[in-house]
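Peer 1: Here it is, the structure in full.
Here, each number is a calculation from the coordinates, and none is a lab measurement. Quantities reported herein were computed from a predicted structural model and do not represent experimental measurements. Backbone-built Cβ (ideal geometry, glycine too); neighbour counts: all protein chains shown.
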Amino acid sequence: MCSWCWAFRPTLLKLREQLPQTVTFRQLLGGLAEDSDQPMPVAMQQQIQATWQRIQKRLPETRFNCDFWRVNQPRRSTYPACRAVIAARRLDPSQESAMILGIQEAYYLAAKNPSDDATLLQIAMALGLDADRFSSLLNAPDTQAELAAEVGQARSMGVHSFPSLVLTQGQSYWPVPVDYKGGASMLETIECLLD
């Protein structure tokens, strides 16, 4: 549910295709905003809408459906979407990326609220995941514990903003500057770090 991550998605996909075969790619959930049933303050809604507009100016190919703000009661709560990714991964590891994309498309294109369990369940069912098992995993304590562990791991790697790229070598972490417009500079940084 990070709008800059949505904007970065096409470039990230291209970068992943170009990574050396010796590099293993792994996504970590960053958390962003803990569970909340409180409506998002109007000032924050305006700030996020302004971010969407900035992204579209900088990266015109990135689309947003601004009806989201009119048809939903936004909440600052991204943990449900993160847990949905974990639940999907547990049910079928091959569906992790599809779940992330499903959440992003529901939020940014279909104006659905991925802070709502019902939206996340619809996405899971569209992916062919078992609805009952997904529902039981979505808010299970061990799913939340796994999310906390991933958030903690990201923080220990120095990740405090999204999206972030980090190359891990042994016990060392090397940040890779994100370039939204192309993967060449990121690939060059990665290859230099590997050498």
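Peer 1: Looking only at the range 153-161, decide whether some residue is within 30 Å of Ile190 (Cα to Cα), crowded, with 18+ Cβ neighbours inside 10 Å and of a type in the set (A, V, I, L, M). Outline the logic, then answer.
Peer 2: So in the range 153-161, the residues within 30 Å of Ile190 (Cα to Cα) come out as 153-161.
After this cut, where a residue has to be crowded, with 18+ Cβ neighbours inside 10 Å as well, the list is 154, 159.
Keeping just the survivors that are of a type in the set (A, V, I, L, M) gives 154, 159.
Within the range 153-161, one or more residues are within 30 Å of Ile190 (Cα to Cα), crowded, with 18+ Cβ neighbours inside 10 Å and of a type in the set (A, V, I, L, M).
Peer 1: Now, a different point. Considering only residues that are among the basic types (Lys, Arg) and either under 18 Å from the mean Cα position of the chain (by Cα) or surrounded by 17 or more Cβ atoms within 10 Å (Cβ to Cβ) (or both), which ones fall in the range 56-80?
Peer 2: The initial filter retains those residues of the range 56-80 that are among the basic types (Lys, Arg), namely 57-58, 63, 70, 75-76.
Matches in the range 56-80: Arg63, Arg75, Arg76.
Peer 1: Also, quick follow-up: For the range 4-54: of the residues being in a loop (DSSP other than H, G, I, E, B) and within 13 Å of the chain's Cα centre (by Cα), which is surrounded by the fewest Cβ atoms within 10 Å (Cβ to Cβ)? Steps first, answer last, please.
Peer 2: Our first condition is that a residue be in a loop (DSSP other than H, G, I, E, B); within the range 4-54, this holds for 19-38, 40-41.
Filter again for within 13 Å of the chain's Cα centre (by Cα), leaving 26-33.
Details: Arg26: 5, Gln27: 14, Leu28: 16, Leu29: 23, Gly30: 20, Gly31: 17, Leu32: 16, Ala33: 17.
Among those that are in a loop (DSSP other than H, G, I, E, B) and within 13 Å of the chain's Cα centre (by Cα), it is Arg26.
Peer 1: Are there helices (runs of 4 or more DSSP H) fully within the range 117-195 with at least 1 residues that are closer than 22 Å to Lys14 by Cα, of a type in the set (Val, Ile, Thr) and touching a residue at least 60 places away in the same chain (Cβ under 8 Å)? List them. Quick ask: steps written out before the conclusion?
Peer 2: Working: elements: 117-126, 131-138, 141-156, 184-194.
Here the list reads 184-194.
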